[in-house]
Amino acid sequence: MATELVVALDYSDRKSAEILMDELHGLPVIYKIGLELFLSVDAQWIQAITASGERVFLDLKFHDIPNTVAQAAVKASKLGAEFLTVHLAGGKRMLDELDIRLQEAMIAGEITRRPKILGVSVLTSFLEEEWVANVSRMAKLTGVRTIQDTVNHFADLAHSHPAIQGMVCSPKEVEAVRFKYPELYLMIPGVRMEGSALNDQARVMTPSQAMKAGASAIVVGRPISRSENPRKMAEEYLREIS
Ligand code: C5P
């Protein structure tokens, strides 16, 4: 399967997002709406975008009790989002409920398609020592210690659970997860063209490295949105992953 390009709409006003989408109009990209933009627009705006045929990844990283996450996922599906994210730390019961509610909503005709649910394992903003300190109590109980241990554990959960179709992976993790689980949809942020500014990304991959490592999609924000010619830049990213 070809690697897809996700463009992050990291804005706090809808006008800026609309300007970028206008510039990229007609290119085969998926738009990522995160918490910042989500809290700056209304539901109808998102619905109008998906109704116009644009593909939307709603990156709200749900993590709550099973009932709340399941209801929120149904709501998000009604907006036409093609991808949603949940924290795998929410556990199996949260995922069970999510699966059941989405199935029920499909059968009842409340939603017309099920979005792909991507699991978030360990946020890449964590430093190893910070993580170990955070989970030290849990580690005593489960033996899970390093970030890699935890990612492995969550990759097993993502693979084994029917509610989950993929994961968000850092460039560091993608190759190992892809090797173990060929069928998961892996979305990879932290992607940069050779020689371009890293911004605050610590570890990056080029688009072609990500593709070779098994990325199903790469997520790119500032290199496109802050470029003088966003369309040309998006086309360059698309070329490298085609
Ligand atoms: O501007 P940049 O290309 O760094 O943006 C990448 C996008 O991917 C941002 O929306 C960022 O929040 C998101 N992201 C990330 N690293 C992760 C998960 C998500 O950069 N581990």
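Every number here is computed from the coordinates shown, using simple stated rules; none is lab data. Fair warning: this is a prediction, and the values are worked out from it, not measured in the lab. Counting neighbours? That spans all protein chains shown, and the Cβs are built from the backbone with ideal geometry, glycine included.
Considering all different alpha carbon pairs of the stretch 1-148, the Kirkwood hydrodynamic radius works out to 16.9 Å.
Mean residue ellipticity at 222 nm from the helices of the chain, using -39,500 (n - 2.57) per DSSP H segment of n ≥ 4 over the full residue count, to the nearest 500 deg cm²/dmol?
Values: 12 runs with 110 residues, N = 242.
Only helices count here, giving -13000 deg cm²/dmol.
Cα convex hull, the stretch 53-108: 68 Å³ per residue, rounded to a whole number. Annotation: lysines with alpha-carbon distance below 25 angstrom to LYS212 (same-chain offsets under eight excluded): LYS32, LYS116, LYS172, LYS180, LYS232.
Nearest-5 percent of antiparallel DSSP beta bridges in the chain? Approximately 0 percent, going by the DSSP bridge assignments.
Cα gyration tensor of the stretch 1-56, axes a ≥ b ≥ c as square roots of the eigenvalues: rounded (a/c below 1.5), prolate (a/b > b/c) or oblate? Because a/c hits 1.5 or more and a/b exceeds b/c, the stretch 1-56 counts as prolate. Between ALA108 and ASP149, the simple label model (points 7 Å from Cα in the Cβ direction) yields a spacing of 4.2 nm.
Here's the picture: charge each Lys and Arg Cβ at +1 and each Asp and Glu Cβ at -1 in the chain, and of ILE33, MET106, SER208 the one pushed furthest to the positive end of that dipole is MET106.
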